[in-house]
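This report refers to the structure that appears directly beneath it.
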Amino acid sequence: MAGYQLSRKNIPSFCATLGRMPRITEERREARREQILDAARACVLEHGLEAASMEMIIARSGLSTGAVYRYFKGKDEIIRAAFAAATEEIGAAVAPVLAGPKSCPPTQLAEKLLAAWVSYAGSGVGAAAGLDRMPVALHGWSYAQNDPEFKSVLQAGLQGFREACVPFVRQWQADGVLAASAEPDAVAQLLLSIVLGFVAQHSLTGDADIQAHAEALAALTMAASASGRRASDPAS
C-alpha cells in the first residue's frame, strides 16, 4: 500500500484490512497438492517413471515453479506422495466391496473387486482426466523396490486386503462352497493374486476382461466342486 504510514493509531485498521485480504484455505491448499499429484501420475503414465522430470510435472500441473516447490522439495517427494495417495484411493475403491455381505460367492466377489479397480482407473481428474490410471500401479510396485518407506505402506495395504478377504473365505467354507480343509489365509493370498494379476495383464496387454475372469473362475470352482463330490462318493 504505497504512501501508507503505519502508526499506533492506524494499526487496528491496518490489521483489519489484512484480515479481509483473501487467504488460501486449507481446502485450496489440498486441491493444489492434488493437482500436482495428478500431474505427476499423468507424466509417469505418458513418459515413464525415469523419464518424467520435475519440469514436466510443473508444466502439466499448470502451476508456477515456485508454487510447486512450496508443496514438495523435488520429484522424488512428489512421486512418493503420488503413489501413496494412489494406494489410499485404491483401498477406498475396494473398501465397500470388502465391507459387503460375506455370503457373496467367490466369482461375484472377484468380479466386484475387479470392477472397483477398473472404476478407479477411469476416474482420474485434473491432469489425469481421461487417462487409464491402472498402469500407475505397475510403476508404483517398481518404485517400492527402492523406497523402503513407500514399500512398507504398500505392504500394509496388501496385507489389509488379504485380512479383509478371510471372513469371506470362512463363510464360503461354512456354506459348503469351499472345502473345509482349505487354509483361509492361502485362499486370501490367491484372491489378491487374481486382482494383482488382472491389473498387470490389463496394463500390459490392454485386453483383460472382467466378465471373462469371472466366468473362468466360476468354471474352475465348479470343476473343483464336482471333482470333490466324485472323490467322496464311495460308488465312484
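The values are calculated or read from the model by the stated rules, or taken from the named source; none is laboratory data. These numbers come from a predicted model, not from an experiment. Please note: Cβ atoms are built from the backbone with ideal geometry, for glycine as well, and neighbour counts cover all protein chains shown.
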Residues satisfying the stated conditions in the stretch 26-57, i.e. surrounded by 22 or more Cβ atoms within 10 Å (Cβ to Cβ) and over 17 Å from D147 (Cβ atoms): I36, D38, A39, A42, C43, I57
Any chance V195 is of a type in the set (A, V, I, L, M, F, W, C) and touching a residue at least 60 places away in the same chain (Cβ under 8 Å): yes
1 or more residues modelled with pLDDT under 95, closer than 25 Å to G48 by Cα and among the acidic types (D, E): qualifying helices (runs of 4 or more DSSP H) within the stretch 114-214: 148-174
Filtered residues of the stretch 33-85 (kept if over 21 Å from S203 (Cα atoms) and touching a Cys at 6+ places or on another chain (Cβ under 6 Å)): M56, I57, R60
Residue ranges of helices (runs of 4 or more DSSP H) in the stretch 17-79 with at least 1 members modelled with pLDDT of 90 or more, of a type in the set (D, E) and farther than 20 Å from G140 by Cβ: 26-47, 54-61
Criterion (without any contact (Cβ under 8 Å) to a residue 60 or more places away in the chain and closer than 30 Å to L178 by Cβ) met by exactly one of A67, A93, A52, A59: A93
Residues satisfying the stated conditions in the stretch 170-188, i.e. surrounded by 15 or more Cβ atoms within 10 Å (Cβ to Cβ) and free of Cβ contacts under 8 Å to residues at least 40 places away in the same chain: Q173, P184, V187, A188
Enumeration of residues in the stretch 114-147 that are crowded, with 19+ Cβ neighbours inside 10 Å, free of Cβ contacts under 8 Å to residues at least 60 places away in the same chain and more than 16 Å from A40 (Cα to Cα): A116, Y120
Hits in the stretch 76-113 (condition: surrounded by 18 or more Cβ atoms within 10 Å (Cβ to Cβ), over 30 Å from P167 (Cα atoms) and among the charged types (D, E, K, R)): R80
Scan of the stretch 96-113 for residues that are of a type in the set (D, E, K, R), in contact (Cβ under 8 Å) with a residue 60 or more places away in the chain and part of a helix (DSSP H, G or I), ordered by number: E111
